[in-house]
Every structure is written in C-alpha cells, then in structure tokens.
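What follows is a set of notes on a single structure, which appears directly below.
The values are calculated or read from the model by the stated rules, or taken from the named source; none is laboratory data. Just so it is clear, the model here is predicted, and its values are computed rather than measured. Backbone-built Cβ (ideal geometry, glycine too); neighbour counts: all protein chains shown.
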Amino acid sequence: MLKIIIRIALNAIALLLIAKYVPGLTFTGSWANLLIAGAVLGVLNGIIR
C-alpha cells in the first residue's frame, strides 16, 4: 500500500515539474487535481506493467 502512495506522489510531482518547465504547458488546478492525475497515471502504469 505504501508503494502505491509513493508512486502517486511521485507522479503528481512529475506532473507539476513538467507543467513548470515545458513551454506552453500550464497547470492552474489545485493539489487535489494533481494527486488525482497522479493516481490515474499510477493505475495506468500498473495495468500496463
């Protein structure tokens, strides 16, 4: 369970960094939106593996 939480947090941080450093990409949502997006990416990553 801890591994899933860490993966979600890392995905959320990665999304934030991408939005900050990729030109033309912006993020205007809340931390909750970022964590939900991280969770979705984590689930998709788990399914693909």
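Remarks
- Verdict on Asn45 being loosely packed, with under 14 Cβ neighbours inside 10 Å and modelled with pLDDT of 85 or more: no
- Residue list for region 18-30, filter: closer than 17 Å to Ile8 by Cβ and either of a type in the set (Asp, Glu) or exposed (fewer than 10 other Cβ atoms within 10 Å of the Cβ) (or both): Ser30
- Some residue of region 6-17 being exposed (fewer than 15 other Cβ atoms within 10 Å of the Cβ) and among the basic types (Lys, Arg): no
- Number of positions in region 4-29 that are modelled with pLDDT of 85 or more, among the small types (Gly, Ala, Ser) and not in a helix (DSSP H, G or I): 1
- Only residues that are at pLDDT below 85 and exposed (fewer than 11 other Cβ atoms within 10 Å of the Cβ) were counted in region 31-42, giving 1.
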